[in-house]
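Novice: Quick one: the structure is below, and I'll ask about it shortly.
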Amino acid sequence: MTLLAATFAACSPSSASGPCAGGSTSAAGAGQPAPVLTGTTLDGAAFDLRSLRGRPVIVNFWAAWCIPCRAEFPLFVQALQAYGADGLSIVGVDWPNDDPAAARDFAASHGATWPTIVDPAGACGKVWTAVAPPQTYFISRNGTIVTRQIGEVSQADFQRQLSAILQ
């Protein structure tokens, strides 16, 4: 019981350090403000989602071993190429217990030039209520979640959700 309590305490949003520290555990869904998203990226840089306020943002939870993630990454690459000049940003969150070296290789081989936060204990996933990879959030310029996609997104759904945040 003590080990279980210590584990929950270490992952709680009130923890003072680590990815997504201080975030709310309320459901991250459509119409809600985007939760805290902070941490260290695969390349060692600090990241804070608040730095992208005023831009449309896609937040994608993924893993190197995730087959549907491989299928949808080309959609993200194409969107960033097409709308990056218009302010579109993409942020990845690497699924807990994914091998960082494999994640870096995956990102490089799939053309992912956007920052990806390492989330080894799953704190960001907990704050964002991510259930499994891939899970994607489409966030408006004002920081509100417009849609949440659980599972692989089809090209048609991706275009519809992307259009909603590019307005």
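Novice: Taking only pairs six or more apart or across chains, which ones have beta-carbon atoms under 7 Å, a first residue in region 129-153 that is small (Gly, Ala, Ser), and a second residue that is at pLDDT below 95 and part of a strand (DSSP E or B)?
Specialist: So the pair list comes out as 143/33.
Novice: Condition test on residue 131, is it of a type in the set (Val, Ile, Thr) and under 22 Å from residue 53 (Cα atoms)?
Specialist: no
Novice: Tell me which of these residue 145 doesn't satisfy, since it passes every other one: (1) surrounded by fewer than 16 Cβ atoms within 10 Å (Cβ to Cβ); (2) within 15 Å of residue 31 (Cα to Cα).
Specialist: (1)
Novice: Moving to a separate point now. Within region 111-119, is even one residue exposed (fewer than 15 other Cβ atoms within 10 Å of the Cβ), touching a helix residue (DSSP H, G or I) at 6+ places or on another chain (Cβ under 9 Å) and of a type outside the set (Val, Ile, Thr)?
Specialist: Yes - at least one qualifying residue is present in region 111-119.
Novice: Which of the following residues is at pLDDT 95 or above, exposed (fewer than 14 other Cβ atoms within 10 Å of the Cβ) and closer than 19 Å to residue 40 by Cβ: 108, 63, 82, 103?
Specialist: After ruling out the rest, the residue left standing is 108.
Novice: Okay, moving on. Mind checking which residues of region 92-119 are in contact (Cβ under 8 Å) with a residue 40 or more places away in the chain and in a loop (DSSP other than H, G, I, E, B)?
Specialist: Passing the criteria: 110, 115, 119.
Novice: Residues being of a type outside the set (A, V, I, L, M) and either under 18 Å from residue 88 (Cβ atoms) or crowded, with 21+ Cβ neighbours inside 10 Å (or both): count how many of those fall in region 26-37.
Specialist: Number of matching residues: 1.
Novice: Among the residues of region 79-91, what is the count of those that are more than 15 Å from residue 60 (Cα to Cα) and part of a helix (DSSP H, G or I)?
Specialist: Of the residues in region 79-91, 6 are more than 15 Å from residue 60 (Cα to Cα) and part of a helix (DSSP H, G or I).
Novice: So, residue 146, is that one touching a Pro at 6+ places or on another chain (Cβ under 7 Å), β-branched (Val, Ile, Thr) and within 20 Å of residue 48 (Cα to Cα) or not?
Specialist: It is false that residue 146 is touching a Pro at 6+ places or on another chain (Cβ under 7 Å), β-branched (Val, Ile, Thr) and within 20 Å of residue 48 (Cα to Cα).
The values are calculated or read from the model by the stated rules, or taken from the named source; none is laboratory data. Please read these numbers as outputs of a predicted model, since none were measured by experiment. Virtual Cβ from ideal backbone geometry, glycine too; neighbours counted across all protein chains shown.
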